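Comments concern the structure below.
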């Protein structure tokens, strides 16, 4: 696996953890998805590999459209402040990524850079969900995890397969769509995409 490509994915993922503006975060995950398309094309050896790269490209464009649609439809009157300051979020995310790298053993056949990149993206996605109150950032956290799993699929021995790419894309795309619907419903009910507003609900 190309080391610079993995580093680009990791840096873009960390950017999602720390940025404040939703549109900026959407741009970062879109750029990340396009880097994955480039990695898939560079590793393509068969027609199925090219179709798998095409599936990733369609997913990147579709997610960019969906997320920007959500941003435009759910304009916040005032920013939803994160529960944790940006430097602390970055530290927690990096610490979690290092812990996963230490705890999850690497297979002898696995690529070292890709292994670390996958774990970092999963850690950044979980950290985004755990430390942000804005519900759209929760959706973006799911997309970060999906990008990590897509990277894992691309680095399997012999390259990615069409079945794996389509399976990963379909499953987590459905999860992302459900999370997006919840984001819109929360915004419609409370006038803000703030997960903290759910604490006001009582049986």
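Observations on the model:
- Distance between the modelled labels on residue 21 and residue 2, one decimal in nanometres: 2.8 nm (7 Å Cα→Cβ projection).
- Extending 7 Å from the Cα toward the beta-carbon at both residue 112 and residue 100 defines two label points whose distance is 2.0 nm.
- Label point of residue 68 set 7 angstrom out along Cα-Cβ; within segment 1-29, amide nitrogens under 11 Å from it belong to 27.
- Segment 1-42 shape via C-alpha gyration tensor axes, a/c threshold 1.5: oblate
- Cα shape, segment 7-76, gyration tensor, a/c 1.5 rule: oblate
- Cα gyration tensor, segment 83-140 - rounded (a/c under 1.5), prolate or oblate: prolate
- Of the peptides 122-135, 53-66, 6-19, the ranking by mean beta-carbon count within 10 Å, highest at the top, reads 122-135, 6-19, 53-66.
- Using a simple spin-label model with pseudo-atoms 7 Å out from Cα toward Cβ, residue 92 and residue 48 lie 4.2 nm apart.
FYI, it's all coordinate maths here, none of it is from the lab. These numbers were taken from a predicted model, which means no experiment stands behind them. When we count neighbours, we look across all protein chains shown, and the Cβ atoms used for this are built from the backbone with ideal geometry, even at glycine.
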